[in-house]
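The structure appears below as structure tokens.
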Amino acid sequence: MEERKELKVNAIENGTVIDHIPTQSVFQVIHILNLQECENQILFGTGLESKKYGKKGIIKVSERFFAPKDVNKIALVAPTATLIEIKNYKVTVKKNVSIPNEVSTFVKCVNPNCITNHENVATKFKVLDKKKVKLQCLYCEKSTAQDNFTFI
Amino acid sequence: MKDRSLVSISDYTIEEQLNILNLAAEFEKNPRQKILESHVVASLFFEPSTRTRLSFESAAAQLSAKIVGFSEAGTSSVSKGESLKDTILTVSSYSDIIVMRHPREGSAKYAEEVAPVPIINAGDGAHQHPTQTLLDMYSIMKTQGKLDDLNIAFVGDLKYGRTVHSLVEALCQFNTTFHLVSPTELKLPSYVKQHIKDKKLTYHQYTEMNEVIPEVDILYMTRIQKERFSDPIEYERVKDAYILRLPMLENAKENMKVLHPLPRVNEIDEDVDNSPQAYYFQQAKNGVYVRMALLASILGVV
């Protein structure tokens, strides 16, 4: 009988692998990186086994490399994520994501009376707390905690 | 200060704030000056605030500026669905400076980003009202001769009062001792108290104002609104405890002044108006001088 392949998600020749994503955050990561608009080959998995985290998610995007500022955005929902860049099936870069000092455009301000929730204004936040991930709106100055994140 | 918008009080350094106060004192001595004759001030009030609007417009008029604008959103193109950005961009081409009141928090910051002309925030929702803070500081400085080493009491609704929050924050720049008098339900929020703690200043909390009055240099009164209480019985129970009456001022210090951002409803008895401690109408008048100082320095004529 043919032996089962180890990899549940196929290896890619060139591109980016985002590994160790909390399994429930995979679709948020796809959304934040706007991958639904990307026409490259994308493989992703959720609920995969991980020695370190129990369950994890993974996303592999062929022929695409991300700017650090884009990748760091996903740190808000996937602080454990590892970014791996692959060229010719070889790992050329491997690093952890880090939470940026400022976050814009993709998180909604929690304050219902904030101008960003009423006019066509891109949101902007200062990251107040990197551990608990707390964002302060640069417009109304109210803080949005991780539990209240809504992605635009 | 030329072209420097005022969105939050923290946009200006302490030196810049004091510059405005000193300049306001100059305008108080000599308020009618034709220094803004060639300037147009836009006064955009997306929600009505008669007192603030008239104060700004009077400041502009006394310096001979021309004023354009509207006093509520219903009479402007906003009611036709125009975006704030479009309104600001359009009005920018008609004026040299925009004074804006808007019901949404953060609207002033956004207007500042969009506008090619400077913005003065005349209140953006529950967020900031920096000209009120400056006129309060001016009133304190004028009556006490200083801003440092004062005992200042805040009385009433300390939870929702934007005026109180901004002034407490501003006074944390000086060596202030705070006396906070409020019903338990309306205590100063912890994030505002944090400013006091950060500067290692002292604050005391009370539920009655009688014992505070002889201790303080400034008694800053605010209105307690019924709708702030989850339990109407609680409101009925506390409402009379936060009314200032003339006999209560008997043991007040000689230099003590009573401030109130106005409008008052019943929290200061009218008998108090003629006492030497009453300062709230002068305080409102001071607002005009402070706004003159702001218009003149931001337009670069002083």
Stretch in chain A that is longest and holds no trypsin sites (Lys or Arg not before Pro) that DSSP places in a loop and that have at most 11 other beta carbons within 10 Å: A:53-130
Would you please give the residues with an amide H less than 5 Å from that of B:His39, counting only those at least 5 places away or on a separate chain, with H modeled from the backbone geometry? B:Lys66
Lys and Arg at +1, Asp and Glu at -1: add these up for the other residues within a Cβ distance under 10 Å of B:Lys66 and post the number. -2
Tell me, how many Å apart are the Cα centres for segment B:1-41 and for segment B:81-153? 12
Roughly what would the spin-label model give for B:Asp269 and B:Glu47, points 7 Å off Cα along C-beta, in nm? 3.3
Square roots of five times the C-alpha gyration tensor eigenvalues of chain B, ordered largest first and given in whole Å, equal 33, 22, 18
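Jot down the per residue volume, in cubic angstrom and as a whole number, of the convex hull over the alpha-carbon atoms of segment B:110-198. Spell out each step's value before the answer.
Numbers: hull volume 10.3 nm³, N = 89.
Output value, Cα hull per residue: 115 Å³.
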Please list, by residue number, everything in segment A:127-152 whose backbone N is under 18 Å from a paramagnetic label point 7 Å out along Cα→Cβ of A:Asn120. A:152
Rounded to a whole number, the mean other protein chain Cβ count within 10 angstrom for residues of B:104-116 is 6
Note, segment B:206-214: 3J(HN,Hα) by Karplus (6.51, -1.76, 1.60, θ = phi - 60°), whole Hz, Gly/Pro = x, goes 9, 10, 10, 9, 3, 5, 7, 3, x
How much FRET efficiency would the formula 1/(1 + (r/R0)^6) give for A:Glu13 and A:Lys134, where r is the Cβ-Cβ distance and R0 is 51 Å, rounded to 0.05? 0.80
So the angle from the long Cα axis of helix B:130-144 to the longest Cα principal axis of chain B, reported in degrees to the nearest 10, equals 50
Cα-based Rg / Dmax (Å) for segment B:77-138: 12.1, 40
For A:Lys134, the residues 5 or more places away or on another chain with a placed amide H closer than 5 Å to its own amide H are A:Leu128, A:Asp129
With angles folded into 0 to 90 degrees, how steeply does helix B:280-298 sit against the dominant principal axis of chain B? Use alpha carbons for both and round to 10. 30
Take peptide A:140-147, look around each residue's Cβ out to 10 angstrom, count Cβ atoms belonging to other protein chains, and average those counts. 3
Pairwise FRET efficiency - B:Arg245 versus A:Asn148, Cβ, R0 = 51 Å, nearest 0.05: 0.70
The relative contact order of chain B, taking Cα pairs under 8 Å that sit 6 or more residues apart, comes to a percentage of 21
Just the Kirkwood number for segment B:42-180, please: inverse of mean 1/r across all distinct Cα pairs, in Å, one decimal. 16.4
Tell me, what is the Rg over Rh of the protein assembly as shown, with Rh the Kirkwood radius over Cα pairs? 1.09
More than 13 angstrom apart: percent of Cα pairs within segment B:20-71: 61
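For the cross-link pairs B:Lys80/B:Lys193; A:Lys134/B:Lys239; A:Lys55/B:Lys193; B:Lys2/B:Lys159; A:Lys51/A:Lys134, which exceed 31 Å when the distance is taken from alpha carbon to alpha carbon?
B:Lys80/B:Lys193; A:Lys134/B:Lys239; A:Lys55/B:Lys193; B:Lys2/B:Lys159
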Among the lysines, which fall within straight-line cross-link reach of B:Lys146, defined as a Cα-Cα distance under 18 Å, with same-chain neighbours fewer than 8 residues apart omitted? B:Lys253, B:Lys257
If N is the residue count of segment B:20-122, its Cα Rg over 2.2 N^0.38 Å rounds to 1.09
Peptide A:107-116 - average C-beta neighbours from other chains (10 Å radius): 5
Taking chain A and counting helices only, DSSP H stretches of n ≥ 4 at -39,500 (n - 2.57) each over all residues, the nearest-500 ellipticity at 222 nm comes to -2000 deg cm²/dmol
So, in nm, how far is label B:Ser38 from label A:Val93 when the simple model puts each one 7 Å beyond its Cα toward the Cβ? 5.5
Where a Cα-Cα gap under 21 Å defines reach, which lysines qualify for A:Lys131, not counting those fewer than 8 residues away within the same chain? A:Lys52, A:Lys56, A:Lys69, A:Lys73, A:Lys95, A:Lys108, A:Lys142
Considering only the other residues whose Cβ falls under 15 Å of the Cβ of A:Val110, what net charge follows from Lys and Arg at +1 and Asp and Glu at -1? +3
At the nearest 100 Å², what buried accessible area, both sides summed, do you get for A and B when the probe is 1.4 Å? 1100
Using only the alpha-carbon atoms, how far is helix B:14-29 inclined from the longest principal axis of chain B? Give it as 0 to 90 degrees, nearest 10. 80
Over the residues of segment B:260-302, compute the C-alpha Rg and express it relative to 2.2 N^0.38 Å. 1.58
Please find the FRET efficiency linking B:Gln282 to A:Glu102, where r is the Cβ-Cβ separation and R0 is fixed at 51 Å, and quote it to the nearest 0.05. 0.70
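The values are calculated or read from the model by the stated rules, or taken from the named source; none is laboratory data. What you see is a predicted model, and the numbers here were worked out from it, not measured in a lab. For neighbour counting, all protein chains shown are included, and Cβ atoms are generated from backbone atoms with ideal geometry for every residue, glycine included. Areas reflect the complete protein model, heavy atoms only, side chains present, ligands, DNA and RNA absent. Shrake-Rupley method; radii C 1.70, N 1.55, O 1.52, S 1.80 Å.
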